[in-house]
Amino acid sequence: MAEGSHERWGSQTEYLLSCLGYAVGIGNIWRFPYLCYRNGGGAFLIPYFLTLVICGIPLVYLETTLGQFASAGCISVFNINPLFKGAGYAVVVLNIIAIIYFAAIMSYPLLYIFHSFTTPLPWQSCGNSWNTNRCTEINSNSTVNATIGLMRTPEDEFFHIRLLQASPSIHEIGGIVWPVLWCNLICWLLVYLCICNGVKSVGKIVYFTVLFPYVVLFALFVRGVTLPGAIQGILYFILPDWTQLKKPKVWADAATQIFYSLGPGWGGLVSMASFNKFHYNNLRSSIIIPIVNSGTSVWAGFVVFSVLGFAADRAGVPVDQVATAGPGLAFVTYPAAVSLMPAPNFWAVTFFVMLFFLGIDTMFVTIEAVIAGLLDEYPKLRHRRKLITLLTCVALFGISIICNTKGGLHVIGLLDAHVAIACVPTVCAMEIIAAVYTYGQDKMSVDVLFMTGRPLRRFWLFLWRYILPVILSVITVYSLREASGIAGWSVALASVICIPMYAVRTIYMSRGPIIQRVRENCRANSKWGPAENEVRLRWETFRNKTSRDLPLLPTNYGP
């Protein structure tokens, strides 16, 4: 049981918006639409939504249930199985690595916002000092039939040459790109000011930072579908290629996208749920959040591919030759489309402000997951929260400077491709083992009944116990196949190594035979349970009273 008071949301709307801001991010814009197109268009939606139902929603429900019940962050939540607490520290390391490169990415929209006040937009044409002889303009009055591989658009050269001064490879890190560094610093200052007071400040800010991007996305959708060639792009996005469903990688990509987007295994959901009122019914929000997130991804796909269709129409090439994924989509393809709209400066500022807000919400929760996890595990530090938050932001800013160099984009690519492939599915699997197997589904059912007043249905237990372990195993196998080189494997295992290290330490510090030590440390310790003393006493009474009736509980699990 945690010492001291635990923060609470001002309202459950704040919780819902914070979780949506965490789940709905830049990946909805630059990752999902390309994955959908590459993996069979409309056919990809079948494994995607199926995975959402049998994997995404159950994991969100499990994590928010554990976090809310124990009012615990990503580390202390493993008091349910102390042997696995290393997974909590792995999540902290995972988020630290992720925020290092994500903060650098968030400096790019700020740079674009600054340059968007220039007339004409600096990426609209060739002939600038940074352009090469390969630069080729594509506009509404010209059709380019040149080989795409031999030309570079002004948008591409502005991003890679003018803004990032990108080096040829990761082996050439180069010096610091100072404009990127200053924007990175501004980003961290804004983050600190927004989270220094914990959920009290975050809960108010998300009303704007979460809802505003939807307004902009709607405006971009309306503009996108009215562009010439938009229908061609949308058809590429939605027309199904059923043969793709025969490929295991398509199903693995669908499941992986759920992890990247919803955030199970990252600690953010556990952390946000820990600030809920104890008796809040979290099931409804655990369904709403994934559905809204996935709906946003599909909606963003229409916005993206309407623009890609327009770009392909102007270039006189098929859509698949202009479709890209990752930063190139957000910082090359979209600026190209924005520059062709009426009042391009206005739309450019609006679009990049939207991108910034989409990412900043994710940063809020990611950093909060790290801080809340540490403060819950070491509650004596809570009265120094502002200082801990400041030191955390300063340290992470210092480390993130490596992504502000000329080779920073390559570092970002390396970290983004490897940081989560081993840790996230492993942490999710350990949460399931801890909650359903070692703690026990009967105790879990009693806890949910006490917390929400409603029994835990068999549907969730079946998915947690039998389906999810299989899916997580498949995701892990296919994800690790993407790892490459010593650097890639080092990034992938940097967080996971905390799990065996902590387990060995825990067993070593215990007494008795090895088997006995393992069994003892797989049992929930005395700190597991509701954090508030009054609620904890009622829970212990309820648990003791109900334990005699456990064999009868499953009959009440129906709808």
>> With the requirement that a residue be in contact (Cβ under 8 Å) with a residue 60 or more places away in the chain and over 17 Å from Ala103 (Cβ atoms), what does segment 172-201 give you?
In response: Glu172, Ile173, Gly174, Gly175, Asn197, Gly198, Val199, Lys200
>> Being farther than 16 Å from Asn293 by Cβ and hydrophobic (A, V, I, L, M, F, W, C) is the filter here; which residues of segment 33-43 pass it?
In response: Ala43
> Can you tell me which of Ile186, Ile205, Ile161, Ile173 is open to solvent by 20 Å² or more (accessible area, probe 1.4 Å) and either in contact with a strand residue (DSSP E or B) (Cβ under 7 Å, 6 or more places away or on another chain) or at pLDDT below 85 (or both)?
Replying inline: Ile173
> Out of all the residues in segment 3-23, which are over 18 Å from Tyr280 (Cβ atoms) and open to solvent by 10 Å² or more (accessible area, probe 1.4 Å)?
Replying inline: Glu3, Gly4
>> Please count how many residues of segment 350-391 are part of a helix (DSSP H, G or I) and either surrounded by fewer than 20 Cβ atoms within 10 Å (Cβ to Cβ) or of a type in the set (A, V, I, L, M) (or both).
In response: 27
> If you go through segment 86-124, how many residues are outside any helix (DSSP H, G or I) and open to solvent by 10 Å² or more (accessible area, probe 1.4 Å)?
Replying inline: 6
>> Being open to solvent by 10 Å² or more (accessible area, probe 1.4 Å), more than 19 Å from Ala422 (Cα to Cα) and out of contact with any Lys or Arg (no Cβ under 8 Å at 6 or more places or on another chain): is that true of Ile46 here?
In response: yes
>> Would you confirm, using the coordinates I've provided, whether Ile432 is over 30 Å from Ala166 (Cβ atoms), at pLDDT 90 or above, assigned to a helix (DSSP H, G or I) and open to solvent by less than 10 Å² (accessible area, probe 1.4 Å)?
In response: yes
> Taking into account only those residues within segment 523-559 that are open to solvent by less than 30 Å² (accessible area, probe 1.4 Å) and not β-branched (Val, Ile, Thr), which is modelled with the lowest pLDDT?
Replying inline: Tyr557
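The values are calculated or read from the model by the stated rules, or taken from the named source; none is laboratory data. Owing to the predicted nature of the structure, the values given are computational and were not obtained by experimental measurement. Methodologically, a virtual Cβ is constructed for each residue, glycine included, from the backbone with ideal geometry; neighbour enumeration extends over all protein chains shown. Side chains included, ligands, DNA and RNA excluded: accessible areas come from the protein's heavy atoms. Shrake-Rupley method; radii C 1.70, N 1.55, O 1.52, S 1.80 Å.
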